[in-house]
Amino acid sequence: MTPATLFDELKEALADRVPVRLGSSPSSRPASVLVPFYEQGGEAHLLFLKRPEGQYAHAGQVAFPGGKREEGESPLQCALREAKEEVGLDPGDARILGELDDFDTIVTGFRVRPVVAVIPFPHAFRPDPREVERLIHVPLARLLDPAIFKEEAREAFGRRWPVYYYSTGPDLIWGVTAGMLKPLLEIVRGLPCMQRG
């Protein structure tokens, strides 16, 4: 299986499914993230970033490039703008594969639309130090390893919510990012190229 085949099949799989759309809500703020795949050394990878520590939502967490949607902005426009602002990715360099289900952040009140893309690599990334402590490059094969995955239940707002964790060496992917990552990895596992090995 080559990354190019995987990316093509993922694009087809995303086009064939109907993503869950939660609509607008006065209690949630619309946001978007870019889920950036790339090829390195014949393997598919995903790009994450680590947020700097501080007094703001999701500080210190591992995340995809993204943020709050501006007035009149589409989910795609927001994801590409945020990726340019945060890591220096030119919007024209992103090959869009499709979109995932909307995802609500329970505590911080965002309604996030994940946009999946393939980006060129190597790339002259320019992380904004105000929003990015460092970039994190993770092979897809590592994320698919069940040994790094853990699920727990947490109480919030009178309900129990599943919380997912992916341990990728020194970095722990959890919370919002893991919540969006899990269904994406389930789609990837079902691709024909993955069944063929």
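The values are calculated or read from the model by the stated rules, or taken from the named source; none is laboratory data. On a predicted model such as this, the values are computed, not experimentally measured, just so you know. Cβ atoms come from the backbone with ideal geometry, glycine included; neighbour counts cover every protein chain shown.
Miscellaneous remarks
- A single member of L34, L47, L89, L80 is closer than 18 Å to E131 by Cα, at pLDDT 95 or above and part of a loop (DSSP other than H, G, I, E, B), and it is L89.
- Residue match in the stretch 94-101 (condition: buried (at least 16 other Cβ atoms within 10 Å of the Cβ) and among the acidic types (D, E)): yes
- Residue, nearest to E133 (Cα to Cα), within the stretch 58-77, restricted to residues that are assigned to a loop (DSSP other than H, G, I, E, B) and hydrophobic (A, V, I, L, M, F, W, C): A59
- Those helices (runs of 4 or more DSSP H) of the stretch 137-197 in which at least 2 residues are over 24 Å from H123 (Cβ atoms) and not β-branched (V, I, T), considering only elements entirely within it, cover 175-189, 192-196.
- Some residue of the stretch 47-61 being touching a His at 6+ places or on another chain (Cβ under 7 Å), surrounded by 22 or more Cβ atoms within 10 Å (Cβ to Cβ) and not polar (S, T, N, Q): yes
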